[in-house]
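The values are calculated or read from the model by the stated rules, or taken from the named source; none is laboratory data. Bear in mind the structure is a predicted one, so any value in this text is a computation, not a measurement. Note: ideal-geometry Cβ built from the backbone for every residue, glycine included; neighbour counts use all protein chains shown.
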Amino acid sequence: MKPALLVIDVQNEYFAPNGQWVLPDGETALSHIQALLTAARDTEIPIVHITHEELDPNSPIFQAGSHAVDMHPAIDVQPGEKLIKKHFPGSFTGTPLEAYLRQNNVDTVIISGFMTQMCCDTTTRQADERGLATLFASDATAARDLTLNGQIVPHQVIHEMTLAVMTQFAAVMTTGDIIKKLENE
């Protein structure tokens, strides 16, 4: 296994007090993302930080140039770590991600970040389509409440349902289990 850690959309838009899409479990997931970053750095695997920015300059979320698109201050991009900006849910769409992974002989991606049901889900499916194995960090991802037919679907349900679906495309694992796997490779 030649893994890379993907840190997807850990941006201010998902955190209080200024985010428009505050994730109830965002802070907890953030602590697990930080643990994955430490483990990836310790085991010297490639790290790719991916941020989202809307193309529409009038977008109410992820607006270019806004504080919302800035990476969360707890995420410290270190020299040698790749930084990619995306404009669509999938981290491979219109970005150099696939080329970077191929150049580094990566065959496995570790998915962490936000949101479980959107960008993490889409990126996992795209990785599968490209023949990459995926470890999906169940506790280093988070979702938000959604509305269907006027009814709120709680973030915990969205998260759990997405994790269940992800088992079709990835090994869904806790951060602790992923770290053990990295240490034993």
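Residues that are loosely packed, with under 14 Cβ neighbours inside 10 Å and not hydrophobic (A, V, I, L, M, F, W, C) were ranked within the stretch 71-84; the one that is nearest to Ala143 (Cα to Cα) is Pro73. For the stretch 1-18, what are the residues that are in a loop (DSSP other than H, G, I, E, B) and among the small types (Gly, Ala, Ser)? Listed by number, the list holds a single entry, Ala16.
Within the option set Gly90, Gly150, being modelled with pLDDT of 95 or more and under 21 Å from Phe169 (Cβ atoms) holds for one residue only, Gly90. Selection within the stretch 39-72: residues that are assigned to a helix (DSSP H, G or I) and among the hydrophobic types (A, V, I, L, M, F, W, C). The member of this set that is farthest from Ala99 (Cα to Cα) is Ala68. Could you go through the stretch 130-142 and let me know if any residue there is under 15 Å from the mean Cα position of the chain (by Cα), in a loop (DSSP other than H, G, I, E, B) and within 24 Å of Ala164 (Cβ to Cβ). The answer is no; no qualifying residue exists. Among the residues of the stretch 19-34, those identified as in a helix (DSSP H, G or I) and either more than 14 Å from the chain's Cα centre (by Cα) or not hydrophobic (A, V, I, L, M, F, W, C) (or both) are Gly26, Glu27, Thr28, Ser31, His32, Gln34.
Would you check if there is a residue in the stretch 85-95 being outside any loop (DSSP other than H, G, I, E, B), within 27 Å of Val22 (Cβ to Cβ) and not acidic (Asp, Glu)? Checked the stretch 85-95: at least one residue is outside any loop (DSSP other than H, G, I, E, B), within 27 Å of Val22 (Cβ to Cβ) and not acidic (Asp, Glu).
Rundown of residues vs (1) in contact with a helix residue (DSSP H, G or I) (Cβ under 9 Å, 6 or more places away or on another chain); (2) surrounded by fewer than 14 Cβ atoms within 10 Å (Cβ to Cβ), yes/no style:
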| site | (1), (2) |
| --- | --- |
| Ala4 | yes, no |
| Val7 | yes, no |
| Asn18 | yes, yes |
| Ala39 | yes, no |
| Pro57 | no, yes |
| Pro60 | no, yes |
